Amino acid sequence: MMQLSEPAPAKLNLSLHVRGKLPDGRHALETVFAFCTDGDRLEAEAANHMALAVVGPFADALQDQDNLVLRAAKELRVAAGVGAGASLILHKDLPIASGVGGGSADAAAALRLLTRLWGIDPKHASAVAPKLGSDVPACLLSMTARGEGVGDALQLLVDPTIAGTPVLLVNPGTALSTRDVFAKWDGNDRGPLGDWREGRNDLEGAARMLVPQIGEVLDWLEQRNDANFVRMSGSGATCFASFENEGARDDAAAACPSNWWHLASFLR
């Protein structure tokens with residue numbers, strides 16, 4: 001039986017500006033999404049039913065959660081009027097609730113993978129994606145893009161300096177709820193997002209109140225040789241640094257404290 005595989009690349013917010021609230025109560029965002037060459041991985045083969053197995057270093061953390069992969073599969077099946085099922089295996093290598101879009105990336109991978117497996121029009125995946133979460137449309141593309149609205153109004157961003165950049169992702173080992181971080185945001189609009197290099201992450205202060213170790217991670221990354229851009233991603237607690245070259249990134253990865261999770265990768 002044919003088995004298909006699809007990557008679920010880790011998502012980074014190169015900048016994230018919170019501009020206030022929308023009429024529906026959600027937060028108005030301006031952000032630049034970038035994606036790594038590494039992340040989770042999803043496999044599927046045809047079946048008469050829907051089933052999901054989760055394996056990998058962070059599999060246990062998902063056992064008691066409403067998994068977005070199954071939600072995505074079920075929503076897509078309804079939207080496309082498909083009667084078939086799928087047997088899915090999620091290789092969970094990214095920490096959960098970590099600001100790198102793990103769940104959203106997994107859901108987006110499910111939409112892409114099942115579009116191929118079931119031979120359906122990709123428009124169904126695009127229609128379902130916003131219902132699953134504000135980051136899922138960006139993760140469905142997995143291409144560098146500017147996001148507005150709640151992050152789901154996307155415009156592809158052509159920036160030749162991004163692709164191929166060596167990056168190191170570091171997480172202090174603490175899950176952080178996006179809802180809790182937004183609840184701590186101080187409500188101040190600090191202005192629009194222009195060039196992402198000159199931007200900021202408006203959620204960093206709130207995240208650091210909840211997980212003070214984020215400050216330690218950012219300080220540590222700032223001190224690495226040839227680290228040229230350091231920021232927290234999303235609502236945290238994962239932070240990242242880009243590097244002048246792969247060797248400098250690998251040196252930083254080798255020096256990362258053993259109680260912190262890290263991932264050495266490249267931007268796509």
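For the reader, a short list of remarks on this structure follows.
- C-alpha center-to-center spacing [region 130-200, region 32-65] in angstrom: 21 Å
- Cβ-derived FRET efficiency at R0 22 Å, Ser5 paired with Ala61, nearest 0.05: 0.50
- Rounded to the nearest 20, the Cβ-based charge dipole of the chain about its Cα centre (Lys and Arg +1, Asp and Glu -1) stands at 700 debye.
- Sites Met209 and Asp189 - FRET efficiency at Förster radius 22 Å, r taken between beta-carbons, to 0.05: 0.70
- In the chain, the DSSP-assigned H stretches of four residues or longer account for a calculated mean residue ellipticity at 222 nm of -9000 deg cm²/dmol, using -39500 (n - 2.57) per stretch and the full residue count as denominator.
- Residues of region 216-245 falling in the label zone of Ser177, defined by backbone nitrogen less than 16 Å from a point 7 Å along Cα to beta-carbon, are 235-237.
- Amide H within-cut-off set for Met50, under 5 Å, with H built and near neighbours excluded: Ala86
- Shown here is the pair-distance distribution of region 32-126: with all Cα-Cα distances grouped in 5 Å bins from zero up to the longest one, the shares run 3, 13, 27, 24, 17, 12, 4, 0 percent.
- Dipole size of region 165-228 about its Cα centre, with +1 on Lys/Arg Cβ and -1 on Asp/Glu Cβ: approximately 160 debye, rounded to the nearest 20.
- The charge dipole of region 52-119, taken about its Cα centre with unit charges on the Cβ atoms of Lys, Arg (+1), Asp and Glu (-1) only, comes to about 320 debye.
- Helix 102-118 vs. the chain, principal-axis angle (Cα, 0 to 90°, nearest 10): 30 degrees
- All-pairs Cα distance distribution in region 127-267, expressed in whole percent, bin size 10 Å: 11, 36, 39, 13, 0
- Number of Lys pairs (Cα under 24 Å; 8 or more positions apart or on different chains) in the chain: 13
- Listed residue (Val32, Ser87, Gly191) projecting farthest to the positive dipole end of the chain, Cβ model: Ser87
- Cα lying deepest toward the dipole's positive end in region 123-196, options Thr161, Ser142, Val181, charges on Cβ: Ser142
- Extension reserve of the Ala46-Asp159 stretch, reckoned as 0.36 nm per residue once the Cα distance is removed: 36.8 nm
- Computed from the C-beta positions of Asp251 and Ile96 and an R0 of 25 Å, the FRET efficiency is 0.30 to the nearest 0.05.
- Database remark: amide H of Arg41 closer than 5 angstrom to the amide H of Ala8, His91, Asp93 (H placed geometrically; neighbours at sequence offset of 5 or more, or on other chains; Pro and chain starts carry no H).
- Taking every DSSP bridge with both residues inside region 20-171, close to 75 percent are antiparallel.
- Length available on full extension from Arg26 to Glu198: 0.36 nm per residue minus the Cα-Cα distance, which gives 59.4 nm.
- Tilt relative to the chain, helix 246-255 - C-alpha long axis, 0 to 90 degrees, to 10: 80 degrees
- Helix 68-80 vs. the chain, principal-axis angle (Cα, 0 to 90°, nearest 10): 50 degrees
- In loop segments of region 118-194 as defined by DSSP, the trypsin sites (Lys or Arg not before Pro) with at most 12 further C-beta atoms inside 10 Å of their C-beta are Arg190.
Quick note: the coordinates plus some simple rules give every number you see, no bench work behind them. Model, not experiment: these values are computed from the prediction. For neighbour counting, all protein chains shown are included, and Cβ atoms are generated from backbone atoms with ideal geometry for every residue, glycine included.
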